[in-house]
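Undergrad: What follows is a single structure, and I will ask about it in a moment.
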Amino acid sequence: MYKSGINNGNYKCSGKKTGFLEDVTVSENKYLGADNYLMKVFSENVKKQVTNPKAGQFYMLKLRNHIRILRRPISLHSVNFKTGELEFLYKVIGKGTEELSILQKGSILNIQGPLGKGFDIYKKSENIIVIGGGIGLAPLKQLIKELLKYKENKNIIFIAGGRNKEAMNILENFLLDSKRVSTFICTDDGSLGEKLNIAEMLEKILKNNKNPDIIYSCGPDKALKAVNDIVNRKNILSQISMEERMACGVGACVGCSVETVSGMRKVCHDGPVFYSSIFYENRGEINGN
């Protein structure tokens, strides 16, 4: 039976510590174009290593307007354990994220997290493809950082896609100067990189390269389904980070459940990162519809 409670700032689920509540200080919140924003906050919990967020996990951000009682789930974009800085890359899509966008430097923001299961990093994998589309690029900065940390001969192909050149301003905040990262950019209108979507770019790259050890991806439902079809057809190990509307963020409300080959899974609690193979027999259900 599910049991939850808040005790001295620690959020507990079934007796197991899953996350934290914390007031953090906004140090930067800037507009990147195409309704995308980058927010940086200082977290004592991160600096003191009370929490150790990893790529693919997310936080629930509390709004000040009490009419909007539900927190907003935002992916971890990057973390600096030395300075305690957390980065959130988000897109304004409604009143909640609009409220986040007007927070100024010095504002206090209550966050809950890190929550959910992140990406698994395999130390032995050497040839890796990382794919992101639109705001689905958000969790991939931290993922690339973690992938590069473990092995000198890891080589990463990074496929980044978006609607147009302005939407790809997101990449200015990525650290892509490593010689071990080969970046391929594509846009819907061809204003930057090739005029392809991320699934088409993946097909093109796989024709000229041997299958990678693993593929990581995050993006819009339609693109993610196309990528998922490719990796399952070619039997490539793959993890995907899914985006769903989340009310509680800790698996209590089951509102974010999706169908898989092994039954219903809660995106917030069992994910948001899943192995693609669990959707193999339910390709039409990857977006939970």
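The values are calculated or read from the model by the stated rules, or taken from the named source; none is laboratory data. The structure displayed is predicted, hence computed values, not measured ones. Backbone-built Cβ (ideal geometry, glycine too); neighbour counts: all protein chains shown. Accessible surface is based on the protein model in full, side chains and every heavy atom, while ligands, DNA and RNA are left aside. Shrake-Rupley method; radii C 1.70, N 1.55, O 1.52, S 1.80 Å.
Undergrad: Under 10 Å, Cα contacts only: if you run a Gaussian network model on the chain, which one of N45, N153, N208 comes out with the highest mean-square fluctuation?
TA: Sorting by GNM fluctuation, first place goes to N208.
Undergrad: How would K48, K222 rank on accessible area, largest to smallest, probe 1.4 Å?
TA: K222, K48
Undergrad: Another one. Quote to one decimal, in nm, the extra length available between S27 and K207 on full extension: 0.36 nm per residue of separation minus the C-alpha distance between them. Before the final figure, lay out each step's value.
TA: Working: separation 180, 0.36 × 180 = 64.80 nm, distance 4.42 nm.
Once the chain is fully extended between S27 and K207, it gains 60.4 nm.
Undergrad: Next question, about the same structure. Past 19 Å, Cα to Cα, is the threshold; run K82/K117; K91/K145; K91/K165; K195/K234; K124/K145 against it and keep the listed order. Please report the intermediate quantities before stating the final value.
TA: Working: K82/K117 23 Å; K91/K145 22 Å; K91/K165 16 Å; K195/K234 24 Å; K124/K145 16 Å.
The answer is K82/K117; K91/K145; K195/K234.
Undergrad: In a GNM of the chain with a 10 Å cut-off on Cα contacts, which of D188, D177, D213 has the highest mean-square fluctuation?
TA: Sorting by GNM fluctuation, first place goes to D177.
Undergrad: Using θ = phi - 60° and the Karplus form 6.51 cos²θ - 1.76 cosθ + 1.60, what ³J(HN,Hα) does each residue of region 50-56 get, whole Hz, x for Gly and Pro?
TA: 5, 10, 10, x, 10, 4, x
Undergrad: So how much slack lies between N235 and E146, counting 0.36 nm per residue of separation and subtracting their Cα-Cα distance, in nm? Write down the numbers at each step before the final one.
TA: Values: separation 89, 0.36 × 89 = 32.04 nm, distance 2.44 nm.
Extra length from N235 to E146 when fully extended: 29.6 nm.
Undergrad: Using a 1.4 Å probe over the heavy atoms of the protein chains, calculate the carbon and sulfur portion of the accessible area of the chain as a whole percent.
TA: Details: 6730 of 13910 Å².
Exposed carbon and sulfur together represent 48 percent of the surface.
Undergrad: Based on Cβ point charges of +1 for Lys and Arg and -1 for Asp and Glu, what charge dipole magnitude is obtained for region 181-289 about its Cα centre, in debye rounded to the nearest 20?
TA: Roughly 220 debye for region 181-289.
Undergrad: Taking θ = phi - 60°, what integer Hz values does the Karplus form 6.51 cos²θ - 1.76 cosθ + 1.60 yield along region 241-250, in sequence order, with x for Gly and Pro?
TA: 9, 9, 10, 9, 5, 10, 9, 9, x, 10
Undergrad: Additional query: Find the accessible area per residue for the chain; the probe is 1.4 Å, ligands and nucleic acids are left out, and the unit is Å². Mind showing how you got there, number by number?
TA: On the way: 13910 Å² over 289 residues.
Here the per-residue accessible area is 48 Å².
Undergrad: What list of ³J(HN,Hα) couplings, whole Hz, do you get for region 162-168 from phi and the Karplus terms 6.51, -1.76, 1.60, once you set θ to phi - 60° and write x for glycine and proline?
TA: Using θ = phi - 60°, the values come out as x, 5, 7, 4, 4, 5, 7 Hz.
Undergrad: While we're looking at this one, here's another question. Once you've got the Cα coordinates, tell me which of K154/K179; K62/K95; K149/K179; K141/K204 are over 18 Å apart.
TA: Numbers: K154/K179 10 Å; K62/K95 13 Å; K149/K179 13 Å; K141/K204 23 Å.
Too far apart for the 18 Å limit: K141/K204.
Undergrad: Now for a separate question. Among rounded, prolate and oblate, which fits the chain when a ≥ b ≥ c are the square roots of the eigenvalues of its C-alpha gyration tensor, a/c under 1.5 means rounded, and a/b larger than b/c means prolate? Walk me through the numbers on the way to the answer.
TA: Working: a/c = 1.55, a/b = 1.31, b/c = 1.18.
Here the chain falls in the prolate category.
Undergrad: Same structure, new question: Report the residue, chosen from L32, L206, L137, that carries the largest GNM mean-square fluctuation when the chain is represented by alpha-carbon nodes joined by springs under 10 Å.
TA: Taking springs between Cα atoms under 10 Å, the residue moving most is L206.
Undergrad: Moving on. Report the full-extension gain for the segment I93 to D35: residue separation times 0.36 nm, less the Cα-Cα distance, to one decimal in nm.
TA: Numbers: separation 58, 0.36 × 58 = 20.88 nm, distance 0.80 nm.
Taking I93 through D35 to full extension adds about 20.1 nm, to one decimal.
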